[in-house]
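See below for the structure under consideration.
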Amino acid sequence: MDSLENCYEKLRIILGAEIEPIQVLQIADAHRCFWRPEKVKTVLLAESHVYTNGEEAVRTVELARNIASSVSKSFVRLVYCLGYGENGLLKTPIINPKNNGTPHFWQVFHSCIKRVNGNEDFAGVQKTRTLDFSQRIRNKFQLLEQLKQKGIWLLDGSLAALYLPGQNKQSSEILERALQTSWDFYVGEQVAQAKPDHIICIGHGVRHSLHSRLKNACSCPVATVKQPNARMSKLERFQTFKTYFEICSGITNEN
């Protein structure tokens, strides 16, 4: 039994019958592995992908040949999957729950690469601002390539989804146990092997749950920012974008 399967079995005890099929975790892991930089400089440590049922996971993402031939074509509600939030890439669109994607994370990705001065800077990857579907998909793919080239890698603290679309999150106790179990049996080893220069915890819950484990895993600086969909003032939101840019650019080591 490999470590992902072992971790899944332990998470199933915590999350119960609502846990996704293991194939979903394997698909999400394949997407993350594809976009892993050769030299990881900054790890963006988020909470988890969004719950994806087994029927959704067999959908195929139809990508143009000139985008990439080796990108995983399997669907999962994870920002690394180009079909998430883009029904136009799916042979069979997902209607319920809606395939909304996570536009806030595309803003995070953009701010890791370029200094953000206003909402118009995100135009290239937002549906409301980039009406040309093909161009938006190319923009998203190019942004993912830039992240990979700059050594920026998104990992989820929990291998299994902790949020079901349209439903409340799990209790804080279950969230913490899932994050800690995933770290102990899979994610922690990924971070240790990557040897990043920096870690940015996306969400104070991630940092709180993994605080001592992060200290033991590596000696690099660990910053913490709010989740991108958290309530923030405009000033605070743009300060957060600045934090991403400066850490990912090596301008500062601390938050």
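Side notes on the structure shown:
- Anisotropy class of region 32-79 from Cα gyration tensor, a/c 1.5 cut: oblate
- Candidates L11, L235, L155: whichever shows maximal mean-square fluctuation once the chain is modelled as a Gaussian network with Cα springs under 10 Å: L235
- Within a Gaussian network of the chain (alpha carbon springs, distance under 10 Å), most fluctuating of G16, G188, G157: G16
- Computed label-point distance, nm, for sites H104 and S70 using a 7 Å Cα→Cβ extension: 3.4
- Relative exposure of W183, W35, judged by other C-beta atoms within 10 Å (fewest first): W35, W183
- Antiparallel content of DSSP bridges confined to region 3-248, in %, to 5: 15
- For region 3-248, averaging the sequence separation of C-alpha pairs within contact (under 8 Å, six or more residues apart) and dividing by the residue count gives a relative contact order of 29 percent.
- Relative contact order of region 135-255, taken over Cα pairs closer than 8 Å and 6 or more residues apart, is 20 percent.
- Between S249 and S212, residue separation times 0.36 nm minus the direct Cα-Cα distance comes to 10.7 nm.
- Highest-MSF residue in the chain out of S111, S74, S134 [GNM, Cα springs under 10 Å]: S134
- K148, K215 arranged by Cβ crowding within 10 Å, fewest neighbours leading: K215, K148
- By the beta-carbon count within 10 Å of each Cβ, the least crowded to most crowded order of T128, T42, fewest first, is T128, T42.
- Gain upon complete extension [I13, D132; 0.36 nm per residue less C-alpha separation]: 38.3 nm
- Nitroxide proxy distance, nm - points 7 Å out along Cα→Cβ at A230 and N87: 3.2
- Taking a straight Cα-Cα cut-off under 15 Å and skipping sequence neighbours fewer than 8 places away in the same chain, the aspartates and glutamates within cross-link reach of K98 are E55, E56, E86.
- All lysines inside 21 Å of K114 as judged from Cα atoms, apart from same-chain residues fewer than 8 positions distant: K39, K41, K127, K140, K148, K150, K226, K234, K242
- Over region 108-172, relative contact order from alpha-carbon pairs under 8 Å, at least 6 apart, %: 25
Throughout, read-outs are computed from the coordinates displayed, never taken from laboratory work. Everything numeric here is computed off the predicted structure, so don't read it as measured data. No Cβ is skipped: glycine too gets one built from the backbone with ideal geometry, and neighbour counts run over all protein chains shown.
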